[in-house]
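All remarks here apply to the structure that follows.
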Amino acid sequence: MQKDLGDIFLSFARRLGGTLISVSEVRVSPDLSIAHVYLSIYPQDKVAPTMELIEENHGAIRGEMGTRERHQLRIIPELHFHIDPTLDRMDRIDQLLKQ
């Protein structure tokens with residue numbers, strides 16, 4: 001699921017131009033009804049507008065995932081998108097080390 005979502009976001013990011021979106025983690029509920037997708041978006045100044053576009057295209061992203069996963073999953077989970085805080089933590093550590 002993480003690889004398929006990564007491929008979907010790769011094509012999605014190409015349309016945005018200059019934005020890199022990677023799927024860092026996917027946590028699926030035990031009943032496969034909900035998937036929490038953690039995204040890393042670079043550069044940092046494009047996080048908010050990119051997340052807005054992702055939420056607007058939520059249905060299309062889930063539909064594309066359903067097309068790719070239809071033979072592997074009985075239920076296509078509802079997708080909940082979250083920002084992965086790892087990049088923020090790395091930037092903070094870099095700033096502290098420079099001081």
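Of HIS36, LEU5, LEU97, which is farthest along the charge dipole of the range 2-98 in the positive direction, counting Lys and Arg as +1 and Asp and Glu as -1 at C-beta? Of HIS36, LEU5, LEU97, it is LEU5.
Rounded to the nearest 20, the size of the Cβ-charge dipole of the range 2-98 about its Cα centre is 220 debye, with Lys and Arg at +1 and Asp and Glu at -1. Taking every alpha-carbon pair under 8 Å whose residues sit at least 6 apart, the range 2-98 reaches a relative contact order of 29 percent.
Once both labels are positioned 7 Å from their Cα atoms along Cα-to-Cβ, the gap between ARG15 and ALA48 label points is 2.3 nm.
Students often get this wrong, so try it: which of (1) 14.8, 53; (2) 13.7, 38; (3) 14.5, 55 is Rg and Dmax of the Cα atoms in Å as calculated from the structure shown? Answer label, from the structure shown: (1).
Give me the number: length gained by fully extending HIS82 to ARG27, i.e. 0.36 nm times residue separation minus the C-alpha to C-alpha distance, one decimal in nm. Can you show the working numbers first?
Working: separation 55, 0.36 × 55 = 19.80 nm, distance 1.10 nm.
Computed gain between HIS82 and ARG27 is 18.7 nm.
Read-outs: derived from the displayed coordinates by stated rules, not from any lab. From a predicted model like this one, the values you see are computed outputs, not experimental measurements. With ideal geometry, Cβ positions are generated from the backbone for all residues, glycine too; neighbour counts draw on all protein chains shown.
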